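Engineer: The following block contains the structure, expressed as structure tokens.
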Amino acid sequence: MTEAQSQLMANKVKRETQHAWQAYKQFAWGHDAVKPLSRTPHDWYGTSLLMTPVDALDTFLIMGLKKEAKEAQDLIVSKLNFDQDIYVQNFEITIRLLGGLLSAYQITKDQRLLNLAEDLGQRLLPVFETPTGLPYTHVNLKTGQVRGNVSNPAETGTLLLEFGMLSKLSNKPIYFQKAKKALVATYERRSSIGLVGARINVETGEWADQNSHIGGGIDSYYEYIYKCWRLFGDADCKAMWDTSIDSVNRYLGDEVDSGYWYGRANMQSGARTASRYGALDAFMPALLVLSGDVDRAKRLQDSGLKMWRIHGIEPESLDYKTMTVTSASYHLRPEIIESAYYLYRTTGDAKYRLMGKEFFEDFVKYCRSEAGYAALKDVRSKEKDDSMESFLFAETFKYYYLLFAPKSALDFDKVTFNTEAHPLQIK
């Protein structure tokens, strides 16, 4: 793929981003998201937290979409209000809203965005008030009441980039301290062979599910252990990463006839419990690249490409031994594109841009609708679902664009992406 061809692809991505934003503007302005088939607005908690505009803003800024960026920014600073009597999921609100506000503030230097981030961070702090330091899953933004005592490593361990950055920008150490304590408390409860389970009680610290994997519910825990080291230079995180990745590769890595994958195992014994891999697991090549294990990343991404090609778009999960779909939906997920971007950025191999071109053309072919983009209920039938999550803007479009755009579009070495692809920077 020549640079000229790649630039054409980048421009296509921008146009499709504008198409999806136009649907949000027309049918869901001021709400969290648009439902693309019914063309109706959707709010996560019955009242809007402007999920799509906050998730989209830094993507527009990176793409140079000045009109769209101004629309999103003006809406956020005039309408976003966290003083609401609603219980929210700490993890999702942190990665989408706190991450999005901090990233957009760093790019725009609009103090109002940082003020919103500080207000939100303060309202989320009560989740950490547990005997273990592991956070509750939900908090009421107005009252500070908490609930949800059974969580998972992703929710307990995917907070440090955002809370840590809030500490750096507000000069208030408490956010970093609370989030790091939660991350360390998760790590300290790993098994004797170095694995974590799927569900944990935040009040007792006891595992409620001892199944270990790198998929949803655990995935970004590993991501943040390494990225905490990359963003903050935290040596504790580097040590935790070195220990953890050795165990993950040893017990979860799986070489079978269809390729190299990460499966599932019992956290105590390491015994294989399932040969399942899916769209969320596909973040792992990017993390392996970032940490220097490029060869393993290449092999895993090749497996992900096979997963995509079975039905022309990736399923939520498959059994990689039989290469049959175990969960057939497609939620417009970004992880496999993220990994293609990291691999291209590191190796310079045009193979990964060509891979991204294949992904993008299938994505447009099967998911584009008159009003934005629709998830798929089933990748086999290609039946659409009435859902267009905000991460389409924050992650999927952003990673497609960065894969095809010139390297000057974003200085990769100066940013660390949170798990929602919001780039955070420390000079």
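Engineer: Here are some conditions: (1) of a type in the set (A, V, I, L, M); (2) modelled with pLDDT under 95; (3) open to solvent by less than 40 Å² (accessible area, probe 1.4 Å). Ile426 meets all but one. Which one does it not meet?
Structural biologist: (3)
Engineer: Can you name the residue in the stretch 272-297 that is surrounded by fewer than 20 Cβ atoms within 10 Å (Cβ to Cβ) and charged (D, E, K, R) and is also nearest to Asp242 (Cα to Cα) among such residues?
Structural biologist: Ranking the qualifying residues of the stretch 272-297, first place goes to Asp293.
Engineer: Restricting to the stretch 364-383, name every residue that is surrounded by fewer than 18 Cβ atoms within 10 Å (Cβ to Cβ) and of a type in the set (Gly, Ala, Ser).
Structural biologist: Ser369, Ser381
Engineer: Something else: From the set of residues in the stretch 384-402 that are surrounded by fewer than 24 Cβ atoms within 10 Å (Cβ to Cβ) and charged (D, E, K, R), which is nearest to Ala421 (Cα to Cα)?
Structural biologist: Top of the filtered list is Glu389.
Engineer: Moving on to the next point. Filter the stretch 114-148 down to the residues that are open to solvent by 10 Å² or more (accessible area, probe 1.4 Å) and touching a strand residue (DSSP E or B) at 6+ places or on another chain (Cβ under 6 Å), then identify the one that is nearest to Thr47 (Cα to Cα).
Structural biologist: Per the criteria, the residue is His138.
Engineer: A follow-up question, please. Could you list all residues from the stretch 255-271 that are among the charged types (D, E, K, R) and surrounded by 19 or more Cβ atoms within 10 Å (Cβ to Cβ)?
Structural biologist: Result: Arg264, single match.
Engineer: Can you name the condition, by its number, that Asp110 falls short on among (1) open to solvent by less than 30 Å² (accessible area, probe 1.4 Å); (2) closer than 30 Å to Glu188 by Cβ; (3) of a type in the set (Asp, Glu)?
Structural biologist: Exception for Asp110: condition (2).
Engineer: Of everything in the stretch 314-345, what is of a type in the set (A, V, I, L, M) and assigned to a strand (DSSP E or B)? Give them in sequence order.
Structural biologist: Leu318, Val325, listed by residue number.
Engineer: From Ser78, Ser151, grab the single residue that is free of Cβ contacts under 8 Å to residues at least 40 places away in the same chain, among the hydroxyl-bearing types (Ser, Thr, Tyr) and more than 25 Å from Thr416 (Cα to Cα).
Structural biologist: On the way: Ser151 fails: free of Cβ contacts under 8 Å to residues at least 40 places away in the same chain.
After ruling out the rest, the residue left standing is Ser78.
Engineer: Here are the criteria: (1) under 30 Å from Ala274 (Cα atoms); (2) touching a helix residue (DSSP H, G or I) at 6+ places or on another chain (Cβ under 6 Å); (3) surrounded by fewer than 24 Cβ atoms within 10 Å (Cβ to Cβ). Tell me which single one Thr416 does not satisfy.
Structural biologist: For Thr416, the failing item is (1).
Engineer: Let me ask you something else. Can you tell me how many residues in the stretch 84-107 are within 14 Å of Pro423 (Cα to Cα) and open to solvent by 30 Å² or more (accessible area, probe 1.4 Å)?
Structural biologist: Here the count works out to 2.
Engineer: Here's another thing I want to ask about it. Which of the residues belonging to the stretch 20-47 are polar (S, T, N, Q) and in contact with a helix residue (DSSP H, G or I) (Cβ under 8 Å, 6 or more places away or on another chain)? It would help to see each step written out before you state the result.
Structural biologist: Step one: filter the stretch 20-47 for residues polar (S, T, N, Q), giving 22, 26, 38, 40, 47.
Correct list: Thr40 only.
Engineer: Another question, then. Pick from Leu37, Leu49: which is crowded, with 19+ Cβ neighbours inside 10 Å and either in contact (Cβ under 8 Å) with a residue 24 or more places away in the chain or within 21 Å of the chain's Cα centre (by Cα) (or both)?
Structural biologist: On the way: Leu37 fails: crowded, with 19+ Cβ neighbours inside 10 Å.
Result: Leu49 is the single residue among Leu37, Leu49 that is crowded, with 19+ Cβ neighbours inside 10 Å and either in contact (Cβ under 8 Å) with a residue 24 or more places away in the chain or within 21 Å of the chain's Cα centre (by Cα) (or both).
Engineer: Identify all residues within the stretch 107-130 that are more than 14 Å from Thr94 (Cβ to Cβ) and assigned to a helix (DSSP H, G or I); write none if there are none.
Structural biologist: If the condition is that a residue be more than 14 Å from Thr94 (Cβ to Cβ) and assigned to a helix (DSSP H, G or I), then Ile107, Thr108, Gln111, Arg112, Leu113, Leu114, Asn115 are the ones that fit.
Engineer: Any residue in the stretch 409-427 that's within 15 Å of Gly233 (Cα to Cα): show its pairings with residues that are in a loop (DSSP other than H, G, I, E, B) and at pLDDT below 95 at Cβ separation under 9 Å, as long as the two are six or more apart or on different chains.
Structural biologist: Lys414/Ile426; Lys414/Lys427; Thr416/Ile426
The values are calculated or read from the model by the stated rules, or taken from the named source; none is laboratory data. This is a predicted model, so every value here is computed, not measured. Cβ atoms come from the backbone with ideal geometry, glycine included; neighbour counts cover every protein chain shown. In case anyone asks, the SASA skips ligands and DNA or RNA and just uses the protein heavy atoms, side chains included. Shrake-Rupley method; radii C 1.70, N 1.55, O 1.52, S 1.80 Å.
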